[in-house]
1. Could you check segment 4-46 for strands (runs of 3 or more DSSP E) lying wholly inside it with 3 or more residues that are under 15 Å from Gln89 (Cα atoms)?
2. Can you run down the residue pairs with Cβ atoms below 8 Å, 6 or more apart or on separate chains, where the first is in segment 407-420 and more than 14 Å from Gly445 (Cβ to Cβ) and not assigned by TED's automatic domain parsing to the domain that holds Glu384 and the partner is buried (at least 24 other Cβ atoms within 10 Å of the Cβ) and of a type in the set (Ser, Thr, Tyr)?
3. Looking only at segment 314-354, filter to residues that are away from the ligand (no atom under 16 Å from the Cβ) and in contact with a Lys or Arg (Cβ under 6 Å, 6 or more places away or on another chain); which one of those is farthest from Pro182 (Cα to Cα)?
4. Quick check on this structure: which one of Glu368, Glu385 is touching a Gly at 6+ places or on another chain (Cβ under 7 Å), at pLDDT 95 or above and away from the ligand (no atom under 16 Å from the Cβ)?
5. Residue check, Ile236 against (1) near the ligand (Cβ under 7 Å from one of its atoms); (2) exposed (fewer than 15 other Cβ atoms within 10 Å of the Cβ), all met but one. Which one?
6. From the residues in segment 156-177 that are under 16 Å from Ala56 (Cα atoms) and of a type in the set (Gly, Ala, Ser), which one is farthest from the ligand (Cβ to nearest atom)?
7. Restricting attention to segment 239-251, does a residue exist that is in contact with an Asp or Glu (Cβ under 6 Å, 6 or more places away or on another chain) and in contact (Cβ under 8 Å) with a residue 60 or more places away in the chain?
8. Taking the options Asp262, Asp180, Asp220, name whichever one is surrounded by fewer than 23 Cβ atoms within 10 Å (Cβ to Cβ), within 15 Å of the ligand (Cβ to nearest atom) and not in a helix (DSSP H, G or I).
Amino acid sequence: MSDVLNKNFINGVWQDATAGAVFKDINPAIHSDVIGHFPESGVEDVDDAVRAARAAFRAWSKMPAPARGDILRRIGDILTERKSELAFQMTREMGKPFFETKGDVQEAIDTAYYAASETRRLFGHTVPSEMPNKFNMSIRRPIGVCGVITAWNFPVAVPTWKMFPALAAGNTVVFKPSEDAPHSGALLVKVFEDAGVPAGVVNLVHGSSTAGRALVEHPDVDAVSFTGSTETGSKIGEACGRLHKRFSLEMGGKNPMIVLADADLDLVLDGLLWGAFGTTGQRCTATSRLIVHEDVHDALVNKLIEAASKLTLGYGNEDSTEMGPVINQKGLDKIEYYVGVGKEEGATVALGGKRAVGNGLDDGYFYEPTIFTGVTPNMRIAKEEIFGPVLSVLKIRSYEEAIQVANNIQYGLSSAIYTRDIATAFNAMHDIEAGITYVNGPTIGAEAHMPFGGVKGTGNGHREGGWEVFEFYTETKTVYVDYSGKLQKAQIDNVED
Ligand code: NAD
């Protein structure tokens, strides 16, 4: 326990919550493995953290952006050195296999170097004035104090998608990680400290919805970036709207993979196993609906059942493990509930449909890879996010029907289409209502320098990743410099009636 970083980090000091309350953090694969007890922070702790972030803002925002970039580069270097060590702890805490958590850390490394490079490119515009001897430009300014609230499934990558661009642009941060991945959050913040991020620039406050709400509602927090469920995101959106705050929401998904009759079925199979059962199906971008042409339906489903039934479940820090546990009892209950719903709706459980037991799995939250066939577009298991290793298979007869079924949901995060026909692929890029479309690849696999985000019930119009995230973390200031030496009235002096 002594080697576990289990405190808040406020103004450069590791400390307990003011009220002294704690919550327990366990390994979802081995419940007897208690990782630690973490601060259940309250309003006072959030207030301390926001005050520290506000105090640090001026100096940090005044630092030349490339100097901030140098610090981000050091963060990338330290993450690289600690990649395996971090990944081990992340797997222990949230369950996905070690090779996946290494990828999670790598995404953070890529994001660090990308954000560092953007500090030399925080472009504004210069444009001609309509008046003589006048210069027009726009520049980018940081917003101020940013509240960062995240889910547990990418416990290092997702917080860095938010924090690195926020810091690069000159903002300061208060970070509230998920209560299901506090240790990973703390290990990440330790990297910031060790890289020389000044006190108060990044603050960490552990806790649950109480701390999250306090951060959203705090009058001195200028912007909120959230990743999590659509239900929570809606509440945050309402509060931020009321308080006139800028907010970015990355929420749930129900991502379709369309497989047409001309697809390479072996390629599809590899993509499906990774897309549907990677991270135990607990990705916002997980492939949760297979929309497959009737001509190849049976052949593909048979191959899939055979391959998925062979996946090795276990503790993710063991080499043999291909699929880890579900995050917690609530997650398991939700999966069990939806499997019941699917059965009642008349779908067929073609594989799984129950908790995985025996073989050393009894002490964890394991659920068998599950495939529902005979799913129709208006069933709840075809429309609602389950967030587990459950794939719904829908049979279609044409491209047009596939698009209709794919779009028949409230979400719009990721999507995929498998076809060898280039015209169909290009049509799908336009026709699928989603923020991301993969052609001949599964619905997962974001790269750090590309925009990431969803439409409809998944997002509120912002993007993470790539250049676009800098739009969120900066304000545009428009500047006019009149060097004519006289008053010039735009739209009046230069227009003859
Ligand atoms: P969640 O909404 O329960 O919690 C997310 C975070 O919000 C946690 O830190 C939690 O403590 C905090 N929170 C809860 N209530 C709050 C409130 N009222 N005010 C402020 N903060 C509050 O989500 P989860 O179960 O941790 O994560 C799973 C969900 O996240 C899934 O729906 C998944 O699709 C989504 N997700 C989306 C993306 C994306 O980029 N679109 C990425 C990962 C996960």
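1. Fully inside segment 4-46 and qualifying: 34-39.
2. Pairs that qualify, where the first residue is more than 14 Å from Gly445 (Cβ to Cβ) and not assigned by TED's automatic domain parsing to the domain that holds Glu384 and the partner is buried (at least 24 other Cβ atoms within 10 Å of the Cβ) and of a type in the set (Ser, Thr, Tyr): there are none.
3. In this case the residue turns out to be Val341.
4. When all the criteria are applied, what remains is Glu368.
5. Here Ile236 clears every test but (2).
6. In this case the residue turns out to be Gly170.
7. no
8. Asp180
The values are calculated or read from the model by the stated rules, or taken from the named source; none is laboratory data. For clarity, every value in this text was computed on a predicted model and none was experimentally measured. Don't worry about glycine lacking a Cβ; one is built from the backbone with ideal geometry, like all the others, and counts go over all protein chains shown.
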